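Where a number appears in this text, it was derived from the coordinates with a stated rule and is not lab data. Given the structure is predicted, the values throughout are model-derived calculations rather than measurements. Positions of Cβ are generated from backbone atoms using ideal geometry, with glycine treated the same way; all protein chains shown enter the neighbour counts.
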Amino acid sequence: MRVQAVGSEAAALDWQHIHNLIIPTDPLSADEIAVRAQRNILEVAYVDGVPVGCSTVRPPTSEPATVIARVLPEKRRQGFGAQIYQRGLAKARELGAQVVHTVVLASNDDGLRFARHQGFVEIDRYVLPGDTIAFVDLRLA
Ligand SMILES: CC(C)(COP(=O)(O)OP(=O)(O)OC[C@H]1O[C@@H](n2cnc3c(N)ncnc32)[C@H](O)[C@@H]1OP(=O)(O)O)[C@@H](O)C(=O)NCCC(=O)NCCS
């Protein structure tokens with residue numbers, strides 16, 4: 001697996017494609033991604049030059065750090081999610097994170113099971129204005 005930070009236009013487009021496919025309720029524009037890339041670590045994971053997944057690490061501020069791994073549906077259950085997540089967690093720890101959160105769409109059974117197996121516990125569930133599907137916030141226990 002090779003990992004590239006969102007910086008180049010190609011990586012930004014790959015990150016956008018993966019994010020918006022997996023989180024259709026919250027599609028992000030190229031401009032929104034550019035703004036987020038300034039404060040968050042956004043990366044794309046490639047295997048044999050093909051994008052398989054992406055990640056978001058929000059560094060700790062007054063809020064806990066957040067680590068989110070995403071893998072394209074046809075690339076799942078091969079260990080990529082765990083690799084992407086562990087890399088994101090290590091980055092969050094390097095940035096001083098003591099408490100780590102993640103967020104999963106409630107409709108995403110794979111994501112919830114994965115997060116629980118990585119040691120996260122649910123702490124909150126909320127529907128954003130205009131949405132119908134809840135987001136689930138989880139904290140690394
Ligand atoms: C959660 C997500 C990232 C997992 O990606 P993935 O690449 O399938 O992750 P892995 O392959 O590392 O692990 C998934 C499962 O497959 C299993 N697995 C790993 N390699 C396997 C293999 N070769 N054969 C069979 N199963 C395997 C793992 O044990 C794991 O089981 P678990 O979910 O019951 O713990 C993916 O489902 C996703 O993008 N979901 C949407 C986004 C999301 O909800 N992210 C969670 C926030 S961290």
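Below is a table of values for the structure above.
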| item | result |
| --- | --- |
| Enumeration of residues in segment 16-26 that are crowded, with 18+ Cβ neighbours inside 10 Å and not in a helix (DSSP H, G or I) | Ile23 |
| In segment 61-89, residue farthest from the ligand (Cβ to nearest atom) [restricted to those that are touching a helix residue (DSSP H, G or I) at 6+ places or on another chain (Cβ under 7 Å), closer than 20 Å to Ala141 by Cα and not β-branched (Val, Ile, Thr)] | Ala65 |
| Test for Ala92: is it more than 20 Å from Pro27 (Cβ to Cβ) and near the ligand (Cβ under 9 Å from one of its atoms) | no |
| Qualifying positions in segment 118-141 - in contact (Cβ under 8 Å) with a residue 40 or more places away in the chain and exposed (fewer than 12 other Cβ atoms within 10 Å of the Cβ) | Leu128, Thr132 |
